[in-house]
Every structure is written in structure tokens, then in C-alpha cells.
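Peer 1: What follows is a single structure, and I will ask about it in a moment.
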Amino acid sequence: MSVILQTVAGSPGDDSDPEAAGVGTVLVYELTTEPDPLRVSPAEGTVERANLVIVGSRHSDSGIETRKLTVYIPTGTASAELALDLTGIAAQTSLPGWTATSDPAGQRIVFAPPSGTATIEPGQGVTIQLGGIRINRVVGSAPVILELEYRAVGTSAWKTDRTTLGVGKFPHGFYLRNLRVDPLVVDNGGTATLEWEASEGATYKLLYGNAEIDVTNRREYPVTNIRQSTMFYLRAIAQGGNDNVERTLNVNVTVNKPDMVVRNLTIEGHLQATGPVQLFTAPQEIDVSSPFTATAPSDGILWAYVSRGKVRLYIGPDSTARRGLLVAGQYNTDYGDQKRVAFPVRKGESVALSLEGGDGTFFWFSFGGLPLV
């Protein structure tokens, strides 16, 4: 089970700029809250306090020089603001020697190294802890913005990497937790039951595949006939006045010997089927009231039946390759006295049909269902 966070990734570096070459995304952040989920303060009385922990990772093989890391915390009483103010926030970072300075007017906390600049090495993590935030009293989602001033090692131009992390503020008393499924692994066509714990007063939806099921009044749901490994999402939508906020949990069910749906499949070697195999969709009937020409979009079979008269067929890379004449009646033709013949056709080959008097029926069986046009 995991929580889906509303996170916007940092901006990528510009490979056309030699000073940014190899920098890529500067830091990749993850945010967690304590409590989780974070809840608004009650309309009156004691203010709720919360902690934010932000972990940034350097996913690159090169280091960067930095001189400032700023965390913007929107303050006020609106739904898009997180804290009532910056009073009493305990701020610290894992970067050695860096100090934090609070700037209430700018709604920000600025972290800076002791010697003016510092290097963040490849693979180095950065942890920021903001404790004792006085959460305001209105439900909504607030953007916490991080700005890192940096430059590639050995260069001179400073740049700013900006990342936004959404922090949801849920109604007082809200919770959604402990999404679990039993069993975690099912046989093809099996059943799994999802269960969870959730508070009243919110809307809950179960999402998977193309399904969206309202489970507001339930705390469990059995899913039957599972044929593919599936990720299930449980989404809560909590309302507060004119604003709402969402929280999503997910859990995965693995299917033994699952059904597979793919667009293209190339097999180098042998294919062995132990059950029924369907190669075709419904056949396409071809109208030959006038001469018909087409290029095969896939391998397939052209089936021809001539009740009277004759038909000329050309199948191949051009009009001179693999041609034949099919005649109804007891006449010697390229195909003996058969009225019905199936012709294998390879992808990319041209097909030409012309009926010379009489009647005929023609069907195209495509490996994959692509029409012959």
C-alpha cells in the first residue's frame, strides 16, 4: 500500500547550454507529513501543528555547487495557504553546517551553507525538516515551493531549480488508511477482496482499469474475474465549504498466468499454445462488382468462392507474381475444378481481383483484424 502524492517534478536541465550539460533534473523531492494525512485546525480553539519532511535526491553522475535552498510556505487563512504564520517553526536540514533563516514577510525559510557555497555530490540526499507548523482552518491544497540556486561544478552561471509539492489539508477528524487486499496473488479469473479504514463525511471511489465504483458507504469490496495483474486505487474526496482535497491509496493484485493484451508482439523462436487460439476477428467481405486492388496490412488468408463465371487473381509484390484464374464449373484451371480456394497473403503484398462474368464471394481473414483496403 502506498500514498499517491501530488508532486510536480523539478525542471530539467537544458542540454544545449554547456554550463548545464549533465545536470539534468537537479534534485528529485518526496514529501511526507506528520500526521498523515495532515488536518486543518478546528474552527475555534487550539491550533493543529504538523511537521513536513522533504527528502531530495541527486539522480545524476555529476555534482553541483549550491548557495541557497529556499522553502516557500504560503501563510494566511485561505484554502490555498498552509500555515497561519511561520511562528514557532523548527527548521533544520541534513546538509552539514547549513543554517535556516525565517522570512515571514516573504513566506519562506532560507537554508544557506556556512562558507557561501557547498557541493552536493552524486547520489547525495538532502533532508529538510519543518516542525511545529501552525496549520490554518480551511480545507484545501497548498503549494509548498522549493527553489535551489545551483550551478554545474566548474562553471560560473547560477541557475534556479523550482519544484512545487502539493500538501493536502483535510477536514478535522478525516482519515483513510490500511488499504489491504486478500489474497495478494490470485489464479486467472479469481477473486480478491479489498478492505480499508475510512472516516465518514467524504466520498470514496475505487478505480481500476476502466472501472470507477462509488464505495462511499462501504469499507470492503470484492472484485471478481481478475484476469490481469491489476493496480487498484482508492480515492477519497473530502469537502470543506467550497473547497475539496483528495487522498489516494493503492494496492496491487498479481494474477498467475494472466491474460495479455499487446499491440505488437514479435517472437523469435517457437510459439506453443496449450489452449484454443483465436487468430482472426470477423472476416471482411470484399466487393468485386468492380476491379478490386489493395495492399495487405498484415499476413492473412484470402478466401474465394465462384459460383459461376471466373475471377482473375494477382497476389504478390506486383501484377506478374503469383497470379491465377479461378473458374466455376468443370473446367481445367490453375486450381483444377475447385470453386473454393484459400490463398495465403503476406503483409505488404498487393492483391488484385476482377470478376469476369458470373458471381463470386470473397472474404479477407486478417491476422490481427486489419482491413484489406
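Peer 1: Just to verify a result, which residue in segment 192-205, among those that are out of contact with any Asp or Glu (no Cβ under 9 Å at 6 or more places or on another chain) and not in a loop (DSSP other than H, G, I, E, B), is surrounded by the fewest Cβ atoms within 10 Å (Cβ to Cβ)?
Peer 2: Looking at residues that are out of contact with any Asp or Glu (no Cβ under 9 Å at 6 or more places or on another chain) and not in a loop (DSSP other than H, G, I, E, B), I get 197.
Peer 1: OK, next. Quick one: how many residues across segment 137-157 are touching a residue at least 40 places away in the same chain (Cβ under 8 Å) and more than 33 Å from the chain's Cα centre (by Cα)?
Peer 2: 5
Peer 1: Name the one entry in 77, 70 that is surrounded by fewer than 19 Cβ atoms within 10 Å (Cβ to Cβ) and either in the same structural domain as residue 148 (by TED's automatic domain parsing) or in contact with a Cys (Cβ under 9 Å, 6 or more places away or on another chain) (or both). Let's see the steps before the verdict.
Peer 2: Working: 70 fails: surrounded by fewer than 19 Cβ atoms within 10 Å (Cβ to Cβ).
That would be 77, the only listed residue that is surrounded by fewer than 19 Cβ atoms within 10 Å (Cβ to Cβ) and either in the same structural domain as residue 148 (by TED's automatic domain parsing) or in contact with a Cys (Cβ under 9 Å, 6 or more places away or on another chain) (or both).
Peer 1: Sticking with this one: Take the residues in segment 206-241 that are touching a residue at least 24 places away in the same chain (Cβ under 8 Å) and assigned to a loop (DSSP other than H, G, I, E, B); name whichever of them is farthest from residue 190 (Cα to Cα).
Peer 2: The residue in question is 241.
Peer 1: Taking the stated definitions as given, is residue 245 surrounded by 13 or more Cβ atoms within 10 Å (Cβ to Cβ) and either assigned by TED's automatic domain parsing to the domain that holds residue 39 or under 28 Å from residue 35 (Cβ atoms) (or both)?
Peer 2: For residue 245, the condition - surrounded by 13 or more Cβ atoms within 10 Å (Cβ to Cβ) and either assigned by TED's automatic domain parsing to the domain that holds residue 39 or under 28 Å from residue 35 (Cβ atoms) (or both) - is met.
Peer 1: Same structure again: Can you tell me which residues in segment 261-319 are free of Cβ contacts under 8 Å to residues at least 24 places away in the same chain and in a strand (DSSP E or B)?
Peer 2: Selection gives nothing.
Peer 1: Scan segment 155-170 and tell me whether some residue there is surrounded by 14 or more Cβ atoms within 10 Å (Cβ to Cβ), of a type in the set (Gly, Ala, Ser), on the phi < 0 side of the Ramachandran plot and at pLDDT below 95. Reasoning before the result, please.
Peer 2: To start, the set of residues in segment 155-170 that are surrounded by 14 or more Cβ atoms within 10 Å (Cβ to Cβ) comprises 155, 158-159, 161-170.
Right, trim to of a type in the set (Gly, Ala, Ser) and you get 166, 168.
The next check asks that each one be on the phi < 0 side of the Ramachandran plot; those that pass are 166, 168.
Of the ones still in play, those that are also at pLDDT below 95 are 166, 168.
Looking through segment 155-170, at least one residue is surrounded by 14 or more Cβ atoms within 10 Å (Cβ to Cβ), of a type in the set (Gly, Ala, Ser), on the phi < 0 side of the Ramachandran plot and at pLDDT below 95.
Peer 1: Scan segment 157-170 and give yes if some residue there is outside any loop (DSSP other than H, G, I, E, B), of a type in the set (A, V, I, L, M, F, W, C) and within 18 Å of residue 68 (Cα to Cα), otherwise no.
Peer 2: No.
Peer 1: Any idea how many residues of segment 244-260 are out of contact with any Asp or Glu (no Cβ under 8 Å at 6 or more places or on another chain), over 30 Å from residue 140 (Cα atoms) and part of a strand (DSSP E or B)?
Peer 2: So the count comes out to 2.
Peer 1: Which pairs do you get when a residue that is assigned by TED's automatic domain parsing to the domain that holds residue 297 and of a type in the set (Val, Ile, Thr), found in segment 356-369, comes within reach of a residue that is in a strand (DSSP E or B) and at pLDDT below 80, reach meaning Cβ atoms under 6 angstrom, with the pair 6+ apart or on two chains?
Peer 2: none
The values are calculated or read from the model by the stated rules, or taken from the named source; none is laboratory data. Values in this document were obtained by computation on a predicted structure and should not be read as measured data. When we count neighbours, we look across all protein chains shown, and the Cβ atoms used for this are built from the backbone with ideal geometry, even at glycine.
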